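S.K.: My questions all concern the structure below.
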Amino acid sequence: MVYYDGSNNKFNKDPENNSDNDNIMNEYEGYEYRNPGKDYKLLEELKIAFSIPSRLKELMEVSKKCFVKYVIFVSLFAAIIIYLIPFIANVAGFGGFRALFLEKMPAFTYHNGELSAEKKFDMMISGYHIYIDTEQDSVDSSTLPSNGMYLCFGRKNMTFNYVEKSAVKDFSRVLYTAENKSLFSEGMNNATFAQATGTFYVTGVFLTILMAVIVVVKYLLLAFFYTAVMLIPYKLFIRNIYTDEAFKISYYAQTIGIFIVSINKAAGILLPELLVSIVGIFITFRFIKYTLSYNGDKEDGD
């Protein structure tokens, strides 16, 4: 049986048995002790991530538990500010889903496999357009009035469309399509949906959680990218940086970018999304580069 004595070496439980200890040392020659990580409070992690880059190196040794908590918090923050808050504001703006179906939307009914509505309808809810045009069997993406994501209802089919119009080229694509009967039953109308408003509120919470999962995947993948592009080459010269430490720095360095992108979206895209994304990427690269350079200087000084 072996144990650590607090140093980088591994020993037999019987320290008087030198031969056994020599065998163990030979067996584990080249083994390097790794600190399991330090525990940080969430606010402390945020403070460091938002501070000058020279402090970011402190988070290289954060424990896995604290790192996972931080990722979950940042992702939930982004999902809440991008989706849930605008969703609540939109719903409050039209007086709740009941008022939406009974007062805002044109009268509609589903009969004999077809949806009919008094007139066209277009409303933005949490960054998504709800669009009704029963003059078409399926809504043609080219007829949609502006950029964005659309949940469209035609006479026979419902579609999920993406539209991006610019001075150079118009782009549109149908991402999903299904027959109206997959959502509507015979005789459904405004009153039917008004009675099921609870379902829509639950859906809002579910979509917020889904958005958080998407944010987790997005920024973890970006952290892998930053690690490969910037940190692995640096590792050739800075021996004390491990891949997991490099990955943590890549994620923490994105914090400011995540926050400014999220706030810009929540505020109704005050600045062009591409510009804000570029600024976020620039800040991330600067934080990573400064952190590595600072750490490298410290190593050279030692």
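The values are calculated or read from the model by the stated rules, or taken from the named source; none is laboratory data. Since the structure is predicted, the reported quantities are computational estimates derived from the model, not experimental observations. Cβ atoms come from the backbone with ideal geometry, glycine included; neighbour counts cover every protein chain shown. Remember, those area values only see protein heavy atoms, side chains included, never the ligands or the DNA or RNA. Shrake-Rupley method; radii C 1.70, N 1.55, O 1.52, S 1.80 Å.
S.K.: On the first, second and third principal axes, largest extent first, how far apart are the outermost C-alpha atoms of the stretch 129-279 in Å?
M.R.: 70, 41, 27
S.K.: Between S54 and S142, 0.36 nm times their residue separation minus their Cα-Cα distance comes to what? Walk me through the numbers on the way to the answer.
M.R.: Working: separation 88, 0.36 × 88 = 31.68 nm, distance 5.04 nm.
That works out to 26.6 nm of additional length.
S.K.: Taking the simple approach of a point 7 Å from Cα along Cα-to-Cβ for both K69 and T192, what is their distance in nm?
M.R.: Computed distance between label sites K69 and T192 equals 4.9 nm.
S.K.: What translational diffusion coefficient, in µm²/s and rounded to a whole number, does the Stokes-Einstein relation yield for the stretch 30-184 at 25 °C and a viscosity of 0.890 mPa s, taking the hydrodynamic radius as the Kirkwood radius over Cα pairs?
M.R.: After rounding, the answer is 125 µm²/s.
S.K.: Given N residues in the stretch 105-145, what is its alpha carbon radius of gyration divided by 2.2 N^0.38 Å? Spell out each step's value before the answer.
M.R.: Details: Rg = 10.9 Å, N = 41, 2.2 N^0.38 = 9.0 Å.
The reported ratio for this selection is 1.21.
S.K.: Give the ranking of H111, H129 by solvent-accessible surface, highest area first, calculated with a 1.4 Å probe.
M.R.: Numbers: H111 100, H129 15 Å².
Heavy-atom accessible area, descending, gives H111, H129.
S.K.: Oh, and also: Can you tally the net charge around K120? Count Lys and Arg as +1, Asp and Glu as -1, for every other residue whose Cβ sits under 14 Å from the Cβ of K120. Before the final figure, lay out each step's value.
M.R.: Working: positive: K104, K119, R155; negative: E118, D122, D133, E135, D140.
Overall, the nearby charge balance is -2.
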